[in-house]
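*Asks:* One structure, pasted below without further comment.
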Amino acid sequence: MTFRYVLATITLVGAATAAFAQDEKRIEISGTAGWTFSDGVDGDAEDRFGNAFASIDPDDAFSWNVRVGYMVTPNAEIGALFGVQSTSLGVTLRTATLGTSNFTLGDETIYNYHGYFAYNFGESAMVRPYVLLGLGATSFGGVSVDLPGIPVQHDNSRAEIGGSTKFSTTWAAGLKLFPTKSIGLRLEARWTPTYIKSDSEGWWCDPYWGCYVVGDAQYSNQYELGGGVTFRF
């Protein structure tokens, strides 16, 4: 008799789980937009006249993202995220005669490509906080320099600063609000650090390992605040 009860219970649980899996919406497609606060890197290169490069930074600007996620479990999510920031590239110079001066070199577009893992708290709730970690790349688009005194090339086009793609991570915390089962709202704060270069900080010596140069890593950071719509399928 006990065996029959156990078998009946397993059958009912299996049937309920199958029905839940059929009704559950596992794919989420989101579109968000917001504002990104950006910073670049510092430098200390100096010429013989006392002029020095101080920093080069993307300006704070509007940004937007699209992502596709798949709910592996009711809480665990994997997906892909693509983001764009349309900005301009600025440089700060220290000169011996004029002091510190800021210049805008030209327009720049920054692209982010990340695969991500997210953990959603709660199960099938209308309000779902989440945290997200992504790995991928950030691509800094080329800049057409448009400053007085910058010579044009032979084809009458402006001087170009080439683009560059670097490995980056992205970290986020957010909130999903679902007034219905199929459509929701997303609010998110996200940080994307991108390694650019390392500056020498001097020598470090150890009695066993010997001496070697210690570097100070510099990152270009994007801090984004955004919101948008999420569709469940």
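Every number in this text was worked out from the coordinates using simple rules, so none of it is lab data. For clarity, every value in this text was computed on a predicted model and none was experimentally measured. Note that each Cβ is placed from the backbone with ideal geometry, even for glycine, and that neighbours are counted across all protein chains shown.
*Asks:* Would you tally the net charge around Ala172, using a Cβ to Cβ cut-off of less than 14 Å, leaving Ala172 out, and scoring K and R as +1, D and E as -1? Mind showing how you got there, number by number?
*Replies:* Values: positive: Arg67, Arg128, Lys176, Arg186, Arg190; negative: Glu77, Glu188, Glu224.
My count for the surroundings of Ala172 gives +2.
*Asks:* Then there's this: Can you list residues from other chains, or at least 5 along the same chain, whose modelled amide H is less than 5 Å from the amide H of Ala159?
*Replies:* Residues meeting the criterion, in which the H sits 1.01 Å from N, are Val145, Gln153.
*Asks:* Cα to Cα, under 22 Å, and not fewer than 8 places away if on the same chain: which lysines meet these conditions relative to Lys166?
*Replies:* Partners found: Lys197.
*Asks:* Would you pull out the residues with amide H under 5 Å of Ser55's amide H, same chain only if 5 or more places away, H placed 1.01 Å from N?
*Replies:* HN-HN under 5 Å from Ser55: Gly43, Thr92.
*Asks:* Roughly speaking, what is the stretch gain from Ala80 to Trp191, that is 0.36 nm per residue apart minus the C-alpha to C-alpha distance, in nm to one decimal? Don't skip to the answer; put the middle values down first.
*Replies:* On the way: separation 111, 0.36 × 111 = 39.96 nm, distance 1.60 nm.
This chain segment gains 38.4 nm when fully extended.
*Asks:* What is the sum of charges, Lys and Arg at +1 and Asp and Glu at -1, for the other residues whose Cβ falls under 13 Å from the Cβ of Met126?
*Replies:* On the way: positive: Arg128, Lys176, Lys181, Arg232; negative: Glu123.
That works out to +3.
*Asks:* Using modelled backbone amide H atoms (1.01 Å from N, in-plane), which distant-in-sequence or interchain residues come within less than 5 Å of Asp60's amide H?
*Replies:* Residues meeting the criterion, in which the H sits 1.01 Å from N, are Ser38.
*Asks:* Explain nothing, just compute: Karplus ³J(HN,Hα) = 6.51 cos²θ - 1.76 cosθ + 1.60, θ = phi - 60°, for every residue of the range 130-136 in order, whole Hz, x for Gly and Pro.
*Replies:* 8, 10, 9, 10, x, 10, x
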